[in-house]
1. Give, in nm to one decimal, the length gained when the segment between ARG255 and GLN32 is fully stretched (0.36 nm per residue of separation minus the Cα-Cα distance).
2. Of all GluC sites (Glu not before Pro) in region 189-234, which ones are in loop regions per DSSP and have a Cβ with at most 11 other Cβ atoms within 10 Å?
3. Which residue fluctuates most in the GNM of the chain (Cα springs below 10 Å): LEU221, LEU195, LEU17?
4. Using a Gaussian network model on the chain with a 10 Å cutoff between Cα atoms, which of ILE189, ILE232, ILE127 fluctuates the most?
5. Would you kindly state the longest site-free stretch of the chain, with sites defined as trypsin sites (Lys or Arg not before Pro) in a DSSP loop (not H, G, I, E, B) surrounded by at most 16 other Cβ atoms within 10 Å?
6. Only four residue types carry charge here, +1 at the Cβ of Lys and Arg and -1 at the Cβ of Asp and Glu. Report the dipole size of the chain about the Cα centre in Debye, rounded to the nearest 20.
7. Could you tell me the number of lysine pairs in the chain with C-alpha atoms less than 24 Å from each other, where the two lysines are 8 or more residues apart or belong to different chains?
8. Helix-only estimate, please: 222 nm mean residue ellipticity of the chain, summing -39500 (n - 2.57) across DSSP H runs of length 4 or more and dividing by its residues, to the nearest 500.
Amino acid sequence: MRLFVALVTPFDGKGKLDLPRLRSHVTWLLQQGVDGFFVTGTTGEFPYLGSREREAVQRTVIDASAGHPVYVCPWDASPTTTAYLADAATEQGAAGVFVPPPLFYRLDERELEAAYRDLAERCGVPILGYHHPRRLPTDISTTLYARLRADNVLAGLKDSSMDLFRLSRLAAADPNAIFAGGDRMLAQIARIPRLAGFVTAIGNVWPRLCIRLLKERETQLEEVLVDRVVRIRRAGGPRALKALLEMGCRAPLVRPPPAALEGLPGPEQPV
């Protein structure tokens, strides 16, 4: 199974994008053995990035990834901007885009289906749905996914439900098209056959830990994994990961206090 990192977005001391730091981070992760990237998504703080910034981020990552697959989240409150970013991803060489349902309003299944069909008509890059029930008000049901997949509206699904039964059913019905997320479940998800890959956030800091659990099946590391996932979440999620990487934050996110990170190892330290 392939391991993808949901990239954080680094900023400099003035809150501006730090693209050289992003490029070096991508290079380091590839050296550790990751297979590709998901960018400008939840971990990448996309609600706080302008469209030009997001285009610059995706261009930098695609260029630095040296042919490894990159999936871009082009979602915006404006469908026109979403289509613009999806088109830019196509031109830049992205493997595809992943698009969540709207982030504020709850849509019924008919409305959500229409939104995905409209986007598919606007852009020429493969589209993954993005199911994340812990953060998004609208779910992508398995029946809706199957219908959109059958009509070639969606090319797959990024599923962060952490529902092993749902993921197993989806992977069995649509092999090599489902990308699972949810770091706490990494060891269990490694046992689900025919997934397209796993998307990790903590892999920004500890890619080798994730590789050893996912690919080398070192299940004795599961306790280490869960401890780090819980502590990162309590310390602030993406901003805690960036603090360990010595990357800057941008308001409204701020660096966690040192006490929140005490005892968490940095990226260069072995498991």
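Here, each number is a calculation from the coordinates, and none is a lab measurement. Remember, predicted model here, so these are calculated numbers, not experimental data. Neighbour counts are summed over all protein chains in view; Cβ atoms, including those assigned to glycine, are modelled from backbone coordinates with ideal geometry.
1. Working it through step by step, the gained length comes to 77.7 nm.
2. GLU216
3. Among LEU221, LEU195, LEU17, the largest GNM mean-square fluctuation belongs to LEU221.
4. Maximum among the listed residues: ILE232.
5. By the stated rule (loop sites, at most 16 other Cβ atoms within 10 Å), 17-105.
6. Values: 34 positive and 30 negative charges, 100 e Å.
Roughly 480 debye, rounded to the nearest 20.
7. 4
8. Computed mean residue ellipticity for the chain: -12000 deg cm²/dmol.
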